[in-house]
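Just so it is clear, none of the values below were taken in a lab; they were calculated from the coordinates. Owing to the predicted nature of the structure, the values given are computational and were not obtained by experimental measurement. Here Cβ is always computed from backbone atoms with ideal geometry, including for glycine, and neighbour counts include all displayed protein chains.
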Amino acid sequence: MAPAAAPEVIVCENASDLAKRAAREFSRAAQESVASRGRFRVALAGGSTPRAAYALLANAPLRQQVPWQQTEVFWGDERVVPPNDPASNYRMAHEILLAHVPIPPDHIHRFRTELSPPDAIARQYEDELRASFQCTRPRFDLILLGMGEDGHTASLFPHSAALHEERKLAVALYAAHLQAYRVTLTLPVLNEARLVIFLASGRTKAEMLRHVLRGERQPERWPAQAIQPHEGRLVWLVDRDAAATLHPDDAGS
Ligand code: 6PG
């Protein structure tokens with residue numbers, strides 16, 4: 001297998017410019033995917049960073065540019081809370097974006113967090129992925145990811161057994177440090193994507209961003225390092241604050 005492509009690091013002036021670039025990249029990926037394959041399947045990131053980009057996609061001009069009728073939305077991970085819980089990644093994206101665009105309701109594939117136990121959520125999502133992609137190894141057109149200050153991404157936390165899952169498409173796990181259950185896509189799915197875009201903003205991410213991009217390879221310790229699309233592009237959209245500790249040569253266009 002060819003070595004993974006090197007990450008493309010794009011430094012935006014500030015969080016607002018990062019959101020604009022992220023929304024533009026989303027729209028571009030959607031248009032290219034539909035033109036090439038007739039559909040666009042994307043996994044959304046949770047957390048706070050993507051909120052501003054989702055808001056831009058819910059409004060003109062980007063709202064009109066995205067082929068929503070051919071778009072299918074999934075999530076990279078979810079908190080095991082009800083879908084209307086303030087902590088829900090589904091609720092966040094639905095409130096800010098999905099409720100405001102003409103995406104068919106059956107194209108919105110949330111984790112069924114009402115199922116119990118948590119493993120049943122992961123199993124059902126796996127079934128939904130296989131049914132939608134009609135294959136055993138889903139290849140997303142775009143996966144958006146964030147990065148925590150501890151280097152986690154999606155709900156793949158440092159030293160988590162989930163980092164070693166090679167068969168399942170999604171797993172449930174208990175995040176002891178959060179005292180909460182999570183469900184997450186696994187690396188086989190995340191690294192199958194055509195395009196992965198990380199969004200990292202703010203000075204609090206700077207130290208970890210340097211470790212992940214320029215530190216020695218320790219994906220157990222810094223799970224964001226484990227994201228290396230086999231045959232896809234890896235793009236880091238960061239703002240100047242997050243890139244504060246990167247060497248100027250580290251940044252691309
Ligand atoms: C979540 C996300 C998580 C997030 C990072 C960054 O469910 O919270 O999947 O991986 O992307 O923790 O979060 P912020 O964007 O809030 O910094």
Between the modelled labels at Ala161 and Glu231 (7 Å from Cα along Cα→Cβ) the distance in nm is 3.3 nm
Fraction of antiparallel bridges per DSSP, segment 66-211 only, in percent to nearest 5: 65 percent
Ranked highest first by the average count of other Cβ atoms within 10 Å around their residues, in what order do 232-240, 220-228 fall? 232-240, 220-228
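Which order do the peptides 180-193, 12-25 take when ranked by the mean count of other beta-carbon atoms within 10 Å per residue, highest first?
Details: 180-193: 23.1, 12-25: 18.6.
Output ranking for 180-193, 12-25: 180-193, 12-25.
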Just to check I understand the Karplus step: with θ = phi - 60° and J = 6.51 cos²θ - 1.76 cosθ + 1.60, what whole-Hz values come out for segment 149-164, glycine and proline as x? 5, 8, x, 6, 9, 6, 10, 9, 8, x, 6, 7, 4, 4, 5, 9
Fully extended contour minus Cα-Cα distance, from Thr204 to His177, at 0.36 nm per residue: 7.8 nm
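Among 204-212, 162-170, what's the highest-first ranking by average C-beta atoms within 10 angstrom per residue?
Values: 204-212: 20.0, 162-170: 16.9.
Output ranking for 204-212, 162-170: 204-212, 162-170.
State to the nearest 20 debye the size of the charge dipole of segment 1-56 about its Cα centre, where the only charges are +1 on K and R beta carbons and -1 on D and E beta carbons.
Working: 8 positive and 5 negative charges, 60 e Å.
Computed about the Cα centre, the dipole is about 280 debye.
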If you restrict to DSSP beta bridges whose two residues both lie in the chain, what percentage is antiparallel, to the nearest 5? 30 percent
Using only helices, what value at 222 nm comes out for the chain when you add -39,500 (n - 2.57) per DSSP H run of length 4 or more and divide by the total residues, to the nearest 500 deg cm²/dmol? -8500 deg cm²/dmol
Of the candidates Pro105, Phe74, Val235, the farthest towards the positive dipole end of the chain (Lys/Arg Cβ +1, Asp/Glu Cβ -1, centred on the Cα centre) is Pro105
